[in-house]
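Heads up, the thing below is written out as structure tokens.
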Amino acid sequence: MKKETDTKGFVIAAVIVVIGVIGFYVAMSNRMSGRQAVKNTSEIEKLLNYDFQEEYPKTVREVVKLHCRYMKMAYNNEFSKEELYDANKKIRELMDDELLALNTEEDQLKSLEDDIQFYIDNKQKYVSYTLPEASQIKYNKEDDVEYAKIRVGVILRVDGATVKGDQEYLLRKDSMDRWKILGWLADAGASESD
């Protein structure tokens with residue numbers, strides 16, 4: 001009788017352990033699939049759904065990084081024609097009013113399309129960008145207006161060769177204390193490597 005009771009106790013304990021393991025596995029699977037769904041949100045979706053009202057980048061670095069993300073996708077011809085139109089509107093959210101006044105939405109879109117075609121025609125690919133440390137950003141103040149300069153390293157693939165260059169961004173704080181892009185300029189001194 002004792003042996004039968006011990007066996008029943010062992011079976012019950014084993015069943016409880018198996019149920020616990022299965023429950024743990026199911027919980028972890030659901031958690032992982034939730035993470036995977038977030039990871040599977042494409043960069044295009046993230047950029048096109050970026051909410052500038054709720055999540056405007058807080059620092060010079062974050063503003064420029066977001067701009068580079070849009071440019072990388074655009075120059076690599078990742079957006080459809082409709083998506084490029086929407087992305088152009090989003091990119092304009094990062095720009096200073098003075099820059100917006102100089103570039104109508106239509107002109108900016110046309111210029112972006114021309115740049116994309118140039119990349120296609122010249123077999124160029126925007127590989128990556130590198131932002132400097134926050135301590136390397138240059139700040140100054142003129143007439144109670146804050147400005148910042150940041151130099152971004154850019155790597156392109158041009159017809160199989162790697163080309164490194166820099167882009168210098170000029171930003172200014174607006175009346176809502178948000179950093180806005182006033183302009184940027186590619187450094188002509190690009191270097192080539194294999």
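The values are calculated or read from the model by the stated rules, or taken from the named source; none is laboratory data. Not measured: the values here are computed from a predicted model. Quick reminder, even Gly has a Cβ in these numbers, built from the backbone with ideal geometry, and neighbours come from all protein chains shown. Side chains are part of the model used for accessible areas, which takes the heavy atoms of the whole protein and leaves out ligands, DNA and RNA. Shrake-Rupley method; radii C 1.70, N 1.55, O 1.52, S 1.80 Å.
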TODO: Kindly provide the set of residues from the range 140-166 that are free of Cβ contacts under 8 Å to residues at least 12 places away in the same chain and in a strand (DSSP E or B), ordered by number.
DONE: N140, K141, E142
- [ ] Sort through K164, K173, K125 and tell me the only one that's open to solvent by less than 70 Å² (accessible area, probe 1.4 Å) and basic (K, R).
- [x] K173
Open item on the list: For the range 128-161, which positions are of a type in the set (A, V, I, L, M, F, W, C), in contact with a helix residue (DSSP H, G or I) (Cβ under 8 Å, 6 or more places away or on another chain) and open to solvent by 40 Å² or more (accessible area, probe 1.4 Å)?
Closed with: A134
Open item on the list: For the range 69-116, give me the residue count where each residue is hydrophobic (A, V, I, L, M, F, W, C), out of contact with any helix residue (DSSP H, G or I) (no Cβ under 7 Å at 6 or more places or on another chain) and open to solvent by 40 Å² or more (accessible area, probe 1.4 Å).
Closed with: 2
Open item on the list: For the condition modelled with pLDDT of 65 or more and at positive phi, what is the one hit in N88, N49, N77?
Closed with: N77
Open item on the list: For the range 59-100, give me each residue that is without any contact (Cβ under 8 Å) to a residue 60 or more places away in the chain and not in a helix (DSSP H, G or I).
Closed with: N76, N77, E78, F79, S80, E93
Open item on the list: Please determine whether any residue of the range 26-41 is modelled with pLDDT of 95 or more and open to solvent by 80 Å² or more (accessible area, probe 1.4 Å).
Closed with: no
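Condition check ((1) among the charged types (D, E, K, R); (2) at pLDDT 95 or above; (3) under 26 Å from K89 (Cα atoms)) across all residues:
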| residue | (1), (2), (3) |
| --- | --- |
| I120 | no, no, yes |
| A134 | no, no, no |
| L171 | no, yes, yes |
| I181 | no, yes, yes |
| D194 | yes, no, no |
